[in-house]
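Undergrad: I have a structure here, written as structure tokens, and I will follow up with some questions on it.
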Amino acid sequence: MQVSATTRPASDTDADTVVVGLFDGEQPPSDAPAELGKLLESGEARASFQTLALTHVEGRRWLAVGLGKRKDFTSERARVAAAVARERARELASSRLCWRAPIEPDDDPERSAEIVEALVQGTILTDYRFEKHKSAPADDKEGPKHLDQLLIAIPSEGPVSDEAEAAVSRATTVAEAVNQARDLQNRPGNDLTPAALAEYALALGEEIEGLQVEVEGRTGIEGLGMGAFAAVAQGSEQEPALITMRYDGVGGASNPTDARGVGGPLIAFVGKAVTFDSGGISLKPGAKMAEMKFDMSGGAAVIEAVAAIARLKLPVRIVAVVGATENLPSGRSIKPGDIVRAANGKTIEVNNTDAEGRLVLADCLCHAVSLGAERIVDLATLTGAVIVALGSTYAGLMCNDEELTERVTEAGAHTGEIVWRLPLHEEYDKLIAGKYGDLDNAPEARKAGTIVGAAFLANFVGKVPWAHLDIAGSAWDLDRAYVGKGASGYGVRLLVELARSYSA
């Protein structure tokens with residue numbers, strides 16, 4: 001999809017469909033055709049949020065979308081409105097779509113840029129389809145499944161502002177990264193093996209300037225003393241992968257002068273990437289086990305967020321660590337009651353092999369610390385308990401640092417990937433104390449399941465400011481207008497926005 005901004009009136013573009021937003025209590029924009037005003041007067045068009053009305057003027061479709069009250073119009077509402085418009089445009093077999101941006105020349109430039117960014121993201125995310133494994137081509141009678149062109153018409157007498165141009169470019173890059181993460185998530189376990197994910201990350205390193213990618217296999221993981229990660233992986237014949245990505249700022253490794261000039265902390269993103277999780281010896285129920293291909297969603301988000309950051313050339317330093325493996329039962333699998341040693345020397349009683357994600361993350365967090373991380377954010381589909389607590393609306397946030405908590409929360413609010421903080425308290429540490437080893441990966445008490453998962457992980461970050469995001473309720477079937485069912489790519493936009501907060 002080609003995406004661009006213009007200050008030409010929407011009627012002067014070559015779009016086959018133009019979208020105009022209607023605010024409650026206001027007339028259509030002055031540059032909209034009179035027919036839209038007539039639709040509004042007749043009641044066929046309404047300003048209520050997400051309502052739609054269609055008219056034709058001089059051979060072009062004009063689609064009116066209700067935006068509600070102007071004071072209530074946020075970036076998230078702009079994403080939703082864009083999604084509603086894109087779905088209607090799909091029904092109309094549109095290939096060239098133009099949004100008359102619902103902003104005015106005297107609006108705050110920063111807010112205008114946020115709305116423009118949201119319109120682009122909402123459209124691209126809604127345009128997504130996963131058809132990699134469809135054997136038959138789409139029926140031509142359905143019309144084009146994807147847009148060829150998206151134009152954002154910005155009301156202005158001059159050229160497109162630098163802020164608007166940057167917003168469109170940034171939104172396109174990030175939204176495409178989200179869709180790439182969704183592709184990774186949606187691939188089945190026999191397609192996206194740990195080795196396949198590693199190969200994908202290595203290809204990004206070859207493609208993107210300034211991005212370095214290294215991969216260690218089973219031997220390397222064991223050689224680094226990652227006994228917890230290796231224990232999960234030993235049950236599968238598929239080779240596990242420890243994926244490490246580095247981006248050192250504008251120019252990256254190919255331009256050391258620029259890299260040395262980038263300030264700020266070294267930020268680590270850590271992702272769980274269990275490409276299929278059967279539960280191991282502690283086997284999961286058969287119902288919905290197919291969804292456990294999504295247990296690599298945290299790793300997908302981390303990989304694509306770092307790729308987007310590098311493409312945007314943000315002046316930040318990033319290291320990413322992704323632990324990729326399968327969790328399967330076999331004669332070699334780890335057993336309930338086994339004790340393993342993590343890279344930092346902590347011993348762990350594995351009382352439930354289906355609590356494997358925290359074992360993988362434990363060693364990945366240790367690795368991030370060993371690489372010099374000064375801030376750590378991990379993403380994982382870690383616990384079903386977070387779905388009970390928060391549903392799919394919020395991801396669970398647990399953090400040992402107030403400043404990092406504030407940054408992550410603000411990044412979530414800005415992107416619509418909202419988080420809700422859950423507490424960490426020393427009393428939770430008692431729940432994870434081991435009987436025969438230092439730690440228990442699955443306490444029998446089953447209290448505070450999401451928090452206990454984070455309390456366990458806290459043992460592997462030392463004193464580094466660290467945030468844990470449990471995205472088990474948000475990674476798929478989020479069911480928001482712009483992502484719907486299936487993979488959501490949750491976390492990519494939040495992580496990019498978090499990196500931007502350090503680059504300001």
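The values are calculated or read from the model by the stated rules, or taken from the named source; none is laboratory data. All figures in this text were calculated on a predicted structure; none of them were measured in a lab. As a convention, Cβ positions derive from the backbone with ideal geometry for all residues, glycine included, and neighbour counts pool all protein chains shown. Surface accessibility is based on the protein's heavy atoms, side chains included, excluding ligands, DNA and RNA. Shrake-Rupley method; radii C 1.70, N 1.55, O 1.52, S 1.80 Å.
Undergrad: Please return the ranges of strands (runs of 3 or more DSSP E) entirely within region 386-483 where 3 or more residues are touching a Lys or Arg at 6+ places or on another chain (Cβ under 9 Å) and in contact (Cβ under 8 Å) with a residue 12 or more places away in the chain.
TA: Because the criterion is at least 3 residues that are touching a Lys or Arg at 6+ places or on another chain (Cβ under 9 Å) and in contact (Cβ under 8 Å) with a residue 12 or more places away in the chain, the strands (runs of 3 or more DSSP E) in region 386-483 that meet it are 395-399.
Undergrad: What is the one condition in (1) under 30 Å from SER278 (Cβ atoms); (2) in a loop (DSSP other than H, G, I, E, B); (3) open to solvent by less than 20 Å² (accessible area, probe 1.4 Å) that HIS133 does not satisfy?
TA: Only one criterion is unmet by HIS133, namely (3).
Undergrad: If you don't mind, another one. Do you know which residues across region 31-65 are surrounded by 15 or more Cβ atoms within 10 Å (Cβ to Cβ) and among the hydroxyl-bearing types (Ser, Thr, Tyr)?
TA: THR51, THR55
Undergrad: For the list (1) polar (S, T, N, Q); (2) in contact with a strand residue (DSSP E or B) (Cβ under 7 Å, 6 or more places away or on another chain); (3) in a helix (DSSP H, G or I), I need the number of the one condition that GLN121 fails.
TA: (2)
The rows are residues; the columns are (1) at pLDDT below 95; (2) of a type in the set (S, T, N, Q); (3) over 15 Å from ALA195 (Cα atoms); (4) open to solvent by 40 Å² or more (accessible area, probe 1.4 Å).
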site	(1), (2), (3), (4)
LEU211	no, no, yes, no
VAL215	no, no, no, yes
GLU222	no, no, yes, yes
ALA233	no, no, no, no
LEU242	no, no, no, no
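Undergrad: Hey, can you tell me all the residues within region 267-291 that are of a type in the set (Phe, Trp, Tyr) and open to solvent by 10 Å² or more (accessible area, probe 1.4 Å)?
TA: Scanning region 267-291 gives a single hit, PHE276.
Undergrad: Considering only region 422-438, I want to know if a residue exists there that is surrounded by 15 or more Cβ atoms within 10 Å (Cβ to Cβ) and at pLDDT below 95.
TA: Scanning region 422-438 turns up no residue that is surrounded by 15 or more Cβ atoms within 10 Å (Cβ to Cβ) and at pLDDT below 95.
Undergrad: Out of the residues in region 146-181 that are under 20 Å from the mean Cα position of the chain (by Cα) and open to solvent by 10 Å² or more (accessible area, probe 1.4 Å), which is nearest to GLN121 (Cα to Cα)?
TA: THR172
Undergrad: Which one of PRO33, PRO9, PRO102 is within 25 Å of THR172 (Cβ to Cβ) and touching a strand residue (DSSP E or B) at 6+ places or on another chain (Cβ under 6 Å)?
TA: Matching residue, one of PRO33, PRO9, PRO102: PRO102.
Undergrad: Also: Among the residues in region 289-300, are any under 29 Å from GLN121 (Cβ atoms), touching an Asp or Glu at 6+ places or on another chain (Cβ under 9 Å) and among the basic types (Lys, Arg)?
TA: Scanning region 289-300, I find at least one residue that is under 29 Å from GLN121 (Cβ atoms), touching an Asp or Glu at 6+ places or on another chain (Cβ under 9 Å) and among the basic types (Lys, Arg), so the answer is yes.
Undergrad: If you don't mind, there's one more thing I want to ask. One residue is enough: does region 230-252 have a residue meeting the conditions part of a helix (DSSP H, G or I) and among the charged types (D, E, K, R)?
TA: Scanning region 230-252, I find no residue that is part of a helix (DSSP H, G or I) and among the charged types (D, E, K, R), so the answer is no.
Undergrad: Scan region 445-457 and give yes if some residue there is out of contact with any helix residue (DSSP H, G or I) (no Cβ under 7 Å at 6 or more places or on another chain), small (Gly, Ala, Ser) and either open to solvent by 20 Å² or more (accessible area, probe 1.4 Å) or more than 17 Å from ARG358 (Cβ to Cβ) (or both), otherwise no.
TA: For region 445-457, residues out of contact with any helix residue (DSSP H, G or I) (no Cβ under 7 Å at 6 or more places or on another chain), small (Gly, Ala, Ser) and either open to solvent by 20 Å² or more (accessible area, probe 1.4 Å) or more than 17 Å from ARG358 (Cβ to Cβ) (or both): absent.
Undergrad: Could you give every pair whose Cβ atoms fall below 9 Å, whose first residue belongs to region 302-315 and is on the phi > 0 side of the Ramachandran plot, and whose second residue is surrounded by fewer than 22 Cβ atoms within 10 Å (Cβ to Cβ) and part of a loop (DSSP other than H, G, I, E, B), counting only separations of at least 6 or pairs across chains?
TA: Final answer for the pair search is LYS313/GLU209; LYS313/GLY210; LYS313/VAL250; LYS313/GLY251.
Undergrad: Among the residues of region 102-117 satisfying the criterion of being closer than 16 Å to GLY21 by Cβ and under 25 Å from the mean Cα position of the chain (by Cα), which is surrounded by the fewest Cβ atoms within 10 Å (Cβ to Cβ)?
TA: Across region 102-117, the extreme among qualifying residues is ARG111.
Undergrad: Quick check: anything in region 292-314 under 14 Å from ALA380 (Cβ atoms), part of a strand (DSSP E or B), open to solvent by less than 10 Å² (accessible area, probe 1.4 Å) and of a type outside the set (Phe, Trp, Tyr)?
TA: For region 292-314, residues under 14 Å from ALA380 (Cβ atoms), part of a strand (DSSP E or B), open to solvent by less than 10 Å² (accessible area, probe 1.4 Å) and of a type outside the set (Phe, Trp, Tyr): absent.
Undergrad: Now for a separate question. Quick check on my filter: what residues within region 331-360 are at negative phi, in a loop (DSSP other than H, G, I, E, B) and small (Gly, Ala, Ser)?
TA: Hits for region 331-360 are GLY331, SER333, ALA342, ALA343, ALA355.
Undergrad: Right, something else. Just checking, which of ARG88, ARG96, ARG46 is touching a strand residue (DSSP E or B) at 6+ places or on another chain (Cβ under 7 Å), closer than 23 Å to ALA175 by Cα and free of Cβ contacts under 8 Å to residues at least 40 places away in the same chain?
TA: Result of the check over ARG88, ARG96, ARG46: ARG88.
Undergrad: Condition check: surrounded by fewer than 18 Cβ atoms within 10 Å (Cβ to Cβ) and within 22 Å of VAL321 (Cα to Cα). Does GLY143 satisfy that?
TA: So GLY143 does not fit the description; no.
Condition check ((1) within 18 Å of ILE309 (Cβ to Cβ); (2) free of Cβ contacts under 8 Å to residues at least 12 places away in the same chain) across all residues:
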| site | (1), (2) |
| --- | --- |
| SER156 | no, no |
| ASP162 | no, yes |
| GLU165 | no, no |
| THR172 | yes, no |
| GLN185 | no, no |
| PRO188 | no, no |
| ALA198 | no, no |
| GLY205 | yes, no |
| MET226 | no, no |
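Undergrad: Of the residues LEU328, LEU382, only one is farther than 26 Å from ALA177 by Cβ, buried (at least 22 other Cβ atoms within 10 Å of the Cβ) and either within 23 Å of the chain's Cα centre (by Cα) or touching a residue at least 12 places away in the same chain (Cβ under 8 Å) (or both); which?
TA: LEU328
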